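The block underneath contains the structure these notes are about, expressed in structure tokens.
The values are calculated or read from the model by the stated rules, or taken from the named source; none is laboratory data. These numbers were taken from a predicted model, which means no experiment stands behind them. Backbone-built Cβ (ideal geometry, glycine too); neighbour counts: all protein chains shown.
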Amino acid sequence: MRFSLAFALFSLTIFSVHLLPEKSAAQSGGQAGAYLRIGAGVRAPGMGGAFVAVANDVTANYWNPAGLGGIAEPQLIGMYSLLALDRRYNYVAAAYPFRAAGAVSLGWVNYSVANVEARDAGGALTGDFANGENAFLISYGKTLSSYLALGGTVKLLRHELAGRSASGVGYDLGVLFKPREFLALGASLQNLQTRIYWNDRAKTKETFPPMERLGALVKPLSFVTLSVDYEVVSRRQGKWRAGGEFDLAHKLILRAGNNAGALAFGVSLLPRVSRQTMIIEYGLSQDPIGAGFAHQFSLLLKLGQPARPATGDHAVAPDSNFTPAAKPRRVERIVAEIIEVRPPYLIVGSVNFLSLHNGVKVRIYQSHLGDETGHYYGAGEALDVSANYAIIKLLEEKAAAACAVGEKLVLRVAQ
């Protein structure tokens, strides 16, 4: 029933955007700071830009900083775009979680074009010039409970054009609300009080148009993510975006989306790398501020997370730097996050597994308001425990199938 309703909603949205008045890409490029509407990373554009309620990796510093509060390990990303007319668009970011204190992120967005011909009023060639626009992002996000997360970004801006320069500052705010394990709602306000001042005598000011985004995410199955966004720029007519992501055995991820009438596609590969997750991504989408298509490539690293924490032939090896005590201290409750579901196994991550060791029996609950227990999923046994990751085998396979990736759990150690 959940899958049928979600699929119907997704299908209706992704096809209905064709009925909206379509704006040309050039209409998006005439305002100050247009490069900040291209997006960040490859995953989100591949889903049509419908990412406000998804935002669960380092690229949340651009899409919705509230999502930074949910990352469990340090992350690094680098992105390169191939655009027409010799333009370049790059994005680099890093994020680091501080356990219960939230997570911080630093990012850099760069848009540039060189060797542009300069001509005088009579059309005579006078040389060439370059244009470069940069935004340095300083972000913070914190999960306040299993339902709510907040975040914000400060943007330091720099624009250099034909020997002139301008600088300024701007702000973003974001919120994520997750009322159910398969449903999330998000909102972000971007370019709040964002402006730059040129270094001419008049101190010419350019104001970036504010953007408001609302989004919803539905996970009908653990390997399927469907999302919808609605964006309004400068309180003008809004745009619908919709996308989907399909995780095939945590080895290959396919995605597609519709960005206000323009189709987009993407793919991610997850090669095996010991003790790390490496994600190689490619995306194809319409150029947001010019003609033609944008080809985007990125490399995302999740440091300290196993590449494919699975069972059987690809089981997670115990951490060689982790030696459990002879008599480990028992903690009544351990809050953990589901990384992967393979019934009857769950692969979970936490910062508190020093109190857990192989063979310990646990009772598994849905997290409710932090470390409080909600719905009871069943009993299980801890396997292959390391400092921050563990495989939990549930006694009932159907109990594991009811869990979803990204869901918070409370593990109660059986005494």
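Among the residues of region 89-105, write down those that are over 21 Å from Ile280 (Cα atoms), modelled with pLDDT of 90 or more and in contact with a Ser or Thr (Cβ under 8 Å, 6 or more places away or on another chain).
Val104
Considering each residue of region 155-169, count those that are basic (Lys, Arg) and surrounded by fewer than 16 Cβ atoms within 10 Å (Cβ to Cβ), and give that number.
Here the count works out to 2.
Go through region 170-182 and count every residue that is touching a Lys or Arg at 6+ places or on another chain (Cβ under 8 Å), at pLDDT below 95 and either surrounded by fewer than 17 Cβ atoms within 10 Å (Cβ to Cβ) or not assigned by TED's automatic domain parsing to the domain that holds Ile138 (or both).
Residues meeting the conditions: 0.
Can you tell me which residues in region 230-251 are in a strand (DSSP E or B) and either touching a Phe, Trp or Tyr at 6+ places or on another chain (Cβ under 7 Å) or not charged (D, E, K, R) (or both)?
Step one: filter region 230-251 for residues in a strand (DSSP E or B), giving 230-233, 239-248.
Result: Tyr230, Val232, Val233, Trp240, Ala242, Gly243, Gly244, Phe246, Asp247, Leu248.
Restricting to region 73-88, what's the tally of residues that are modelled with pLDDT under 90 and either surrounded by 22 or more Cβ atoms within 10 Å (Cβ to Cβ) or not assigned by TED's automatic domain parsing to the domain that holds Leu144 (or both)?
Initial filter on region 73-88 (modelled with pLDDT under 90): 73, 81-88.
Narrowing further to those that are either surrounded by 22 or more Cβ atoms within 10 Å (Cβ to Cβ) or not assigned by TED's automatic domain parsing to the domain that holds Leu144 (or both): 81.
Going through region 73-88 one residue at a time, the tally reaches 1.
Of all residues in region 346-361 being modelled with pLDDT of 85 or more, surrounded by 22 or more Cβ atoms within 10 Å (Cβ to Cβ) and out of contact with any helix residue (DSSP H, G or I) (no Cβ under 6 Å at 6 or more places or on another chain), which is farthest from Leu411 (Cα to Cα)?
Checked region 346-361; the qualifying residue farthest from Leu411 (Cα to Cα) is Ile347.
Just to be sure I understand, how many residues within region 133-192 are out of contact with any strand residue (DSSP E or B) (no Cβ under 6 Å at 6 or more places or on another chain) and not in a strand (DSSP E or B)?
Of the residues in that region, 4 qualify.
Answer yes if at least one residue in region 291-303 is within 19 Å of Val405 (Cα to Cα), at pLDDT below 85, touching a Pro at 6+ places or on another chain (Cβ under 9 Å) and not hydrophobic (A, V, I, L, M, F, W, C), and no otherwise.
No, region 291-303 contains no residue that is within 19 Å of Val405 (Cα to Cα), at pLDDT below 85, touching a Pro at 6+ places or on another chain (Cβ under 9 Å) and not hydrophobic (A, V, I, L, M, F, W, C).
With respect to Val233, determine if the residue is in contact with a strand residue (DSSP E or B) (Cβ under 6 Å, 6 or more places away or on another chain) and at pLDDT 95 or above. Before the answer, list the steps.
Numbers: in contact with a strand residue (DSSP E or B) (Cβ under 6 Å, 6 or more places away or on another chain): yes; at pLDDT 95 or above: no.
So Val233 fails the test.
Out of curiosity, is Ser227 surrounded by fewer than 20 Cβ atoms within 10 Å (Cβ to Cβ) and over 25 Å from Gly292 (Cβ atoms)?
On the way: surrounded by fewer than 20 Cβ atoms within 10 Å (Cβ to Cβ): no; over 25 Å from Gly292 (Cβ atoms): yes.
Spelling it out, it is not the case that Ser227 is surrounded by fewer than 20 Cβ atoms within 10 Å (Cβ to Cβ) and over 25 Å from Gly292 (Cβ atoms).
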